[in-house]
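Right, one structure below, let's go through it.
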């Protein structure tokens, strides 16, 4: 049994930029911004937002691949993956993004064999249109990929769970894991919610912190301190 299981977000965490945002900026037909506003206002969930936005993409496969081939990941992520393999620590990518894009981008680094939970992107009809399905959704969850369910699955094998993430799609899962390596908006969420975490700027930091996570010292250092009870006598 592994002492720790790692769940890692993709867009903005592994990737340098948000993949779907970059696709919509370049290939999106009018209307995707309104869906984005509805999602940010809480009127719709991310699954409904993403499904509608993907349906508004106007791009052929060749141009899609060319665009994805110009997107980059954190330069230290391959070394982090190699270290987890060396230490026998399982890692799964959990993303509310697009499986095709993730496989295409990671494939350039020989990392497309990592376990992945993400939305499924498939060609639509007519050509240049696309459709989204969500094989990792859960009843009662408005996200395309239910990261809370992924946490529950990771816990089934025993051991503790680390989340590495950066934004709103990681908030719910952060409440359920044992520790978080947090970037961007996730830092404030962890701070406000009292979740044990450390802030990172990228995978260079994560690589440096990993040994301390596995030996238990990092978790012990960041657990909330409980003050001793004060006797009334």
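The values are calculated or read from the model by the stated rules, or taken from the named source; none is laboratory data. Given the structure is predicted, the values throughout are model-derived calculations rather than measurements. Cβ placement follows ideal geometry from the backbone for every residue including glycine, while neighbour counts extend to all protein chains displayed.
Summary table below
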quantity: Residue count for segment 142-171, restricted to those that are out of contact with any helix residue (DSSP H, G or I) (no Cβ under 7 Å at 6 or more places or on another chain), surrounded by fewer than 21 Cβ atoms within 10 Å (Cβ to Cβ) and at pLDDT 95 or above; calculated: 4
quantity: Residue list for segment 176-197, filter: touching a residue at least 24 places away in the same chain (Cβ under 8 Å) and more than 19 Å from residue 11 (Cα to Cα); calculated: 176, 177, 178, 179, 194, 196, 197
quantity: Neighbours by Cβ (under 9 Å, 6+ apart or cross-chain): first from segment 105-128, touching a residue at least 24 places away in the same chain (Cβ under 8 Å) and on the phi < 0 side of the Ramachandran plot; second exposed (fewer than 13 other Cβ atoms within 10 Å of the Cβ) and outside any loop (DSSP other than H, G, I, E, B); calculated: 123/61; 127/61
quantity: Residue 86 vs. criteria at pLDDT 95 or above and under 30 Å from residue 156 (Cα atoms); calculated: yes
quantity: Hits in segment 92-113 - residues which are surrounded by 18 or more Cβ atoms within 10 Å (Cβ to Cβ) and within 13 Å of the chain's Cα centre (by Cα); calculated: 93, 94, 95, 96, 97, 98, 99, 102
quantity: Any hit, segment 197-218, residues being surrounded by fewer than 21 Cβ atoms within 10 Å (Cβ to Cβ), more than 16 Å from the chain's Cα centre (by Cα) and farther than 21 Å from residue 80 by Cβ; calculated: no
quantity: Verdict on residue 95 being outside any helix (DSSP H, G or I), touching a strand residue (DSSP E or B) at 6+ places or on another chain (Cβ under 6 Å) and within 23 Å of residue 8 (Cα to Cα); calculated: yes
quantity: The listed residue being closer than 22 Å to residue 29 by Cα, out of contact with any helix residue (DSSP H, G or I) (no Cβ under 9 Å at 6 or more places or on another chain) and in a loop (DSSP other than H, G, I, E, B), out of 59, 125; calculated: 125
quantity: Enumeration of residues in segment 7-32 that are under 29 Å from residue 150 (Cα atoms) and assigned to a helix (DSSP H, G or I); calculated: 19, 20, 21, 22, 23, 24, 32
quantity: Output for segment 33-56, where each listed residue is touching a helix residue (DSSP H, G or I) at 6+ places or on another chain (Cβ under 9 Å), closer than 20 Å to residue 95 by Cα and outside any helix (DSSP H, G or I); calculated: 44, 45
quantity: Test for residue 109: is it within 19 Å of residue 18 (Cβ to Cβ), in contact with a helix residue (DSSP H, G or I) (Cβ under 9 Å, 6 or more places away or on another chain) and in a loop (DSSP other than H, G, I, E, B); calculated: yes
